[in-house]
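The values are calculated or read from the model by the stated rules, or taken from the named source; none is laboratory data. All values reported here derive from a predicted model rather than from experimental measurement. Note: ideal-geometry Cβ built from the backbone for every residue, glycine included; neighbour counts use all protein chains shown.
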């Protein structure tokens, strides 16, 4: 829910930052309590800055409403993922209607009286490979709850055949001599389009993307119908299909998208963190399997921070396929062991992503924790 913050703290930070570079939107959330939001809205309105409620969808709302959780292909409940600070990564099933209604009920009760310009929807996905440390395979291959099983049946999916395909895929990298890429990946095309050896795996990920898109369309239509703009927080394109996100499709049902291009972050959504968890959960320590994945993507897996050229190409392809503006999510905070971010990193990121053609930047994760030298760097560049 986030730690309590006084309006005085927010006001001092904004009065320090806003005169130094152009700010179009500000995201805040999501602890209940109207006074902080109302005072911030008044401050921002005077400067014609849009004000968005940061609102998690398929995770975090369990503290306010009872959720119907996920079931993996082995019939278990996935463990909560690794978070940081006060974030919660216990995911619920996107296909249970009450889980969607919970989000709307929370908004109406806690936030609808605040003059927000829009809502910024986060946690709009299934779990990633980071959900269970070293064992994220089962978490990604969810959900198999009664609601989802009924949907598979409508799509004429043979559940037992699908489960057998998953077990077979999981065994692909076994043995020191294996050269198989994770999940039997054959090729990669822009915007998360993978070709797998087993067509059943392709069908499974296609259905997950359809489920997320359909349910987000309901949420987006609801908020837009009430006059709010809607933004989506999403994974980088090459990671997006594993969590059920079809980024070009999502771009058609919102007003802007913020892909999290966090090249330095060793936490959920961070490119090095999520990539390592994907590999750990599929090919493990198998060097040939890891190498095959990097080769298919055209990615230099040895670069630190994460390969800038690859990240820029990912953004360029997404922009070309998107129906809405793309704001690149770039870290400006600095957290020891999680995000070692300094001005030179910020400068190379902003310059490369500008050349890729982004509409703007979403300075992440939070302004209050960003060191002054990082803020000064952004002010100088923008």
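Are any of the residues in region 240-247 surrounded by 20 or more Cβ atoms within 10 Å (Cβ to Cβ), in a strand (DSSP E or B), at pLDDT 95 or above and under 20 Å from the mean Cα position of the chain (by Cα)? Among the residues of region 240-247, not one is surrounded by 20 or more Cβ atoms within 10 Å (Cβ to Cβ), in a strand (DSSP E or B), at pLDDT 95 or above and under 20 Å from the mean Cα position of the chain (by Cα), which makes the answer no. Take the residues of region 48-66 that are under 22 Å from residue 136 (Cβ atoms) and out of contact with any helix residue (DSSP H, G or I) (no Cβ under 6 Å at 6 or more places or on another chain): which is modelled with the lowest pLDDT? Ranking the candidates gives 62 first. Residues in region 306-313: is at least one farther than 28 Å from residue 335 by Cβ and in contact with a helix residue (DSSP H, G or I) (Cβ under 7 Å, 6 or more places away or on another chain)? The answer is no; no qualifying residue exists. Annotation note: of 356, 280, 320, 339, the sole residue that is in contact with a helix residue (DSSP H, G or I) (Cβ under 8 Å, 6 or more places away or on another chain) and within 24 Å of residue 257 (Cα to Cα) is 356. Looking at this structure, is residue 203 out of contact with any strand residue (DSSP E or B) (no Cβ under 6 Å at 6 or more places or on another chain), surrounded by fewer than 22 Cβ atoms within 10 Å (Cβ to Cβ), modelled with pLDDT under 95 and assigned to a helix (DSSP H, G or I)? Here the answer is yes, as residue 203 does meet what is asked. Taken over region 24-42, the residue count meeting the criterion of being modelled with pLDDT of 95 or more and either surrounded by 18 or more Cβ atoms within 10 Å (Cβ to Cβ) or in contact with a strand residue (DSSP E or B) (Cβ under 9 Å, 6 or more places away or on another chain) (or both) is 9.
Please work out if residue 144 is touching a residue at least 60 places away in the same chain (Cβ under 8 Å), part of a loop (DSSP other than H, G, I, E, B), within 26 Å of the chain's Cα centre (by Cα) and farther than 30 Å from residue 45 by Cα. Taking the combined requirement at face value, the residue satisfies it.
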